[in-house]
Amino acid sequence: QSGCGKSTLTEIIEQLTPPEDVMMFTRITAQALQYMAQFLLKGKLIIVEERTGAESAEYSIRVLQSRQKLTQAVPQKDPATGKISTQIITVEGPVAYLETTTDPKINHENATRCFEITLDESQQQTERIQQAQRSRRLFSSINLHSQAEAICQRHHNAQRLLQPVLIFIPYADKLTFPSRKLRNRRDQERFLCLIEASAFLHQYQRERGQTDEGDDYVLANLDDYQLAYELAHDVLSTTLHELSRGAKDLWERVRDWLRAESAEAMREVCFTRKDLRRLTEMEDHPLRNALQELVEMEYLEVVSGGNGRTLIYQLRVTSEEEAPVALLSPQELRRRL
């Protein structure tokens, strides 16, 4: 939802990244990336503050993520001769890309190329944020600014020490991953990227070597798998489920509520949006969106109402097999090795 802290999180990521590696935009037009200098984007973190500011450039962004470069053929007129000839313009990647949005329905083509992170919107998190806001006004926090600058500088210097290296996962053939859905092909690729990212960041603590061609490489170890395994349950479990995070959370709240009210007749209990606002304390707009998705996905059913009358809902799906993140536990992987 708006105000949950996504802009603050984005600003922190920007501050912790070396400034020479960040490109922050409020808007990217359809052809803007296509005409960048050839190596201007290479190795950069591109941040768009709101997804609406980059919607017209979504195709270019997706190609940069997948192909790691943009190539276009453009007719250009020679000012001296007046003749038109085709010029090939190439913009090199790869890039890291970050955007924020309040829209729970992400473009499917984009979602399979990114990690979706939802923020904590609970009352407990709000209380922690408010406590931090009050603490920053105390006299004892007068040196927090200088501490923040020192932390950012340490991150910048650590990242500048990282060198481009190949990453190999010597236990990759022992891993498992869900395969029921077509998108799992890209989901597994993203999981393997988590392991590689951990090994890359720990390249000075990992076993290193050189290929026959003289290229430096780093071998991922079980610590890298442990970290990726823990992250995957947060950043992949949501995308492996057919419902969005907000709709899934609402369905679970409704299911648990009705089970406590009448376990024997959960499907027969009727309720309204007002009942759910009282139950969940959600604001009306996100509640409407989640309800619409649950009705469309047939988790809930509208039994009466509409045309100006109060909508009455009933639960249709009372239980389901959770979409499992069928990954080997680190303990099982260690045993296999």
Considering only strands (runs of 3 or more DSSP E) wholly within region 58-142, the ones with at least 1 residues that are within 23 Å of the chain's Cα centre (by Cα) and basic (K, R) are 69-77
Scanning region 180-199 for residues that are open to solvent by 70 Å² or more (accessible area, probe 1.4 Å) and not charged (D, E, K, R), the one nearest to L161 (Cα to Cα) turns out to be Q188
Those residues of region 88-99 which are of a type outside the set (G, A, S) and either free of Cβ contacts under 8 Å to residues at least 24 places away in the same chain or closer than 14 Å to L45 by Cβ (or both) amount to I88, P94, V95, Y97, L98, E99
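A quick yes/no check of all residues on (1) farther than 14 Å from L327 by Cα; (2) exposed (fewer than 12 other Cβ atoms within 10 Å of the Cβ):
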site	(1), (2)
D215	yes, yes
N221	yes, no
Y225	no, no
L243	yes, no
G246	yes, no
L250	yes, no
Exactly one of T81, T52, T26, T10 is in contact with a strand residue (DSSP E or B) (Cβ under 8 Å, 6 or more places away or on another chain) and either modelled with pLDDT of 95 or more or open to solvent by 80 Å² or more (accessible area, probe 1.4 Å) (or both), and that residue is T26
Among the residues of region 55-78, the number that are of a type in the set (G, A, S), within 23 Å of A111 (Cβ to Cβ) and open to solvent by 60 Å² or more (accessible area, probe 1.4 Å) is 2
Picked from region 115-144 (must be in contact with a helix residue (DSSP H, G or I) (Cβ under 8 Å, 6 or more places away or on another chain) and not polar (S, T, N, Q)), the residue nearest to R190 (Cα to Cα) is F115
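The values are calculated or read from the model by the stated rules, or taken from the named source; none is laboratory data. No experiment lies behind these values; they were computed from the predicted model shown. All Cβ positions, even for glycine, are placed from backbone atoms using ideal geometry, and neighbour counts span all protein chains on display. Ligands, DNA and RNA are excluded from the accessible area calculation, which covers all protein heavy atoms including side chains. Shrake-Rupley method; radii C 1.70, N 1.55, O 1.52, S 1.80 Å.
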